[in-house]
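Input: a single structure, listed below in structure tokens.
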Amino acid sequence: MLELKDICFERDHKKILDHINLIFDSKKFYVITGPNGSGKSTLVKIIMGIEKPDSGQIILDGEDITGLSIDERAKLGFGFAFQQPVCFKGITVYDLLNMATGKKLKREEACEFLSQVGLCTHDYVNREINRSLSGGERKRIEIASVIARNPHIAIFDEPEAGIDLWSFQNLTEVFKQIEKRSRGITIVISHQERIIRIADEIILMDSGKIQKQGPRKELIGTILSNSKCPRGVNACEQNR
Amino acid sequence: MLVNKIDEKLLDQVLPEDLEKADAYNIRKNGHTIKRKGNPYIDIVPKENNSGLDIYVKENTLFGIIHIPVIITESGLTDIVYNDFHIGKNANVIILSGCGIHNDAHQDSTHDGIHRFYLEEGSKVKYIEKHYGEGTGKGEKRLNPITEIEMKKDSSMTIDTVQLEGVDEAIRKTTAVLEEGSTLVVTEKILTTGHQKATTDFVVTLNGDNASTHVTSRSVATDESYQEFSSNIVGNTKCYAHVECDGIIKDKGAVKAIPEIFANHVDANLVHEAAIGKIAGEQLVKLMSLGLTEKEAEAAIIDGFLK
């Protein structure tokens, strides 16, 4: 169980996270949604240790992990897929997967991770992770690097962005695999109705606060017709 | 002769390939040739007074491998060597050269290698150069390679230079003149630490139609080391040039890039890109999120960069 206790985060006199309290249970799939600037990305960055909260605590299975660094959290089983994958110079897809698994992978093993995100090893394993790859390709490699870590708590910041051609079936399959693991908490930031529809729990954020939280069945109606988003999540979905 | 472990280690650093696999080679130690081999297609002829070599590659020679390593173990020695490579028409060779200096004493050791390449029509050269210094003495280890290249029609040359360790001061000068349809690709990777200094200077003149060049420089300057990269590309005809200079700086390291491109013809297309800065924070964060400590992440980023 992962627990956030009274997390506050302020920058430039703006309350980005305002006394956030949340509990993430094992074996559950959480979708965090809400308008831009509502604090979703900051919240997950705080869970991963990329940002430090001004106050509050992060508790994993009864242990306070607020002071742990990013790599210490990674070693505890946290995985994080960035919204905007990072570019490198000289580091290849294969290098990244090796770092993710902490061993020198066989070609078949690399293939397994890449095929899960719909990429062919032959084409990609020796490619450098730089701007010669499209945004969508980098996004899939980013997700593959998280899968390769076998995370127990996997965080995906808008995984659907830029992967239009890749079937959502693959992505949901990735989430299912993670759920099978012992802790098995998946946290996804998403605006996509198709992802919201497979959530166990929905968390709706607005202005740095949790507006609503609960099982999908109870919330999905209000979320999809939420007028806080000027066009509504439905509208976004229809325009895609 | 190759008498001791130091020689072997130096050779191994500058020339990890097996010497016996080479079609021709010449090993120079402290200013003297200690071992040489040639074959009917590749002839290595010493110049007078031990001042260097003339290497003749016959036309149409295919896949010749030539090793020209230099090692210096004598403190206080300044070794100047002129090696001239004459590459015949349509010949295709790989040349591995490099210099390893071991200096345990307090006098400076210097190697100035002047390598001149004459590429005849349609010939191809891959030239790999490695520089390495070691030793516990206070004597500096200096390397000043000069490379001069003349490229005839449709010839091509690839140069990979690497200097990753132990060289206190290096001034590297490369000049090339390219004729019609010829291509020159240069990749250099330099890591400096401590108070080391490395300067590289490229002057490439594109004189023939459709001549092209790509110069990539990757430098990592750590501690209080200093690197300077200057390139001057002149396009006198319909030609293409791309120069890319990337630098990572750490601690008090400094890198200066001086780009100069001169398009002297309306169809000359010359591009220069330069980016110098510390390791991007987001790269560190990404690798740390894969379980690497900050130090490991930094090393992985630099390794990849200089790979």
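Bear in mind that the values in this text are calculations on the coordinates, not laboratory data. Everything numeric in this text was worked out from a predicted model, so none of it was measured. Here the Cβ positions follow ideal geometry from the backbone for every residue, glycine too, while neighbour counts run over all protein chains shown.
Laid out as a table, the results:
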read-out	value
Derived scalar couplings ³J(HN,Hα) [segment B:210-221; Karplus, 6.51 cos²θ - 1.76 cosθ + 1.60; whole Hz; x for Gly, Pro]	6, 6, 8, 9, 10, 10, 10, 10, 10, 10, 10, 10
Fewest-first ranking of A:128, A:72, using other Cβ atoms within 10 Å as the exposure measure	A:72, A:128
Nearby lysines by direct alpha-carbon distance to residue A:106 (threshold 21 angstrom, same-chain neighbours under 8 apart not counted)	B:307
Net +/- balance of residues flanking residue B:168 in space, Cβ distance below 13 Å, scoring K and R +1, D and E -1	-3
³J(HN,Hα), Karplus 6.51/-1.76/1.60, whole Hz, each residue of segment B:60-72, x for Gly, Pro	6, 5, 10, 6, x, 10, 10, 10, 10, x, 10, 10, 10
Computed [θ] at 222 nm, helices only, for the protein assembly as shown once each DSSP H run of length n ≥ 4 contributes -39500 (n - 2.57)	-6000 deg cm²/dmol
Charge dipole magnitude, Cβ of K and R +1, D and E -1 - segment B:1-152, Cα centre, debye nearest 20	160
Amide hydrogen neighbours beyond the local backbone of residue B:95, cut-off 5 Å, H modeled	B:66, B:126, B:127, B:128
FRET efficiency estimate (nearest 0.05) - Cβ-Cβ, residue B:265 to residue A:14, R0 60 angstrom	0.60
Taking B:203, B:177, B:243 and counting other C-beta atoms within 10 Å, the order from fewest to most	B:203, B:177, B:243
Alpha-carbon gyration tensor eigenvalues x 5, square-rooted, for chain A, Å	29, 22, 17
Per principal axis, descending, Cα span of segment B:168-307 in whole Å	51, 32, 19
Relative exposure of B:245, B:239, A:8, judged by other C-beta atoms within 10 Å (fewest first)	A:8, B:245, B:239
Residue pairs, from the table A:139/B:278; B:47/B:138; A:27/B:295; B:47/B:189; A:52/B:286, whose Cα atoms sit over 27 Å apart	B:47/B:138; A:27/B:295; B:47/B:189
Per-residue HN-Hα couplings for segment B:227-232 [Karplus 6.51, -1.76, 1.60; θ = phi - 60°; Hz; x = Gly/Pro]	10, 10, 10, 10, 9, 9
Segment A:170-224: translational diffusion in µm²/s, Stokes-Einstein, Kirkwood Rh over Cα pairs, 37 °C, 0.692 mPa s	270
Relative contact order of segment B:168-307, pairs being alpha-carbon contacts under 8 Å that are 6 or more residues apart, as %	20
Residues residue B:12 and residue B:65, FRET efficiency given R0 of 22 Å [Cβ-Cβ distance, rounded to 0.05]	0.80
5 angstrom amide H check on residue B:53, placed H, neighbours 5+ away	B:47, B:82, B:83, B:84
Ellipsoid equivalent to the protein assembly as shown - semi-axes via the Cα gyration tensor, in Å	56, 26, 21
Per-residue average of Cβ from other chains inside 10 Å of A:44-54	1
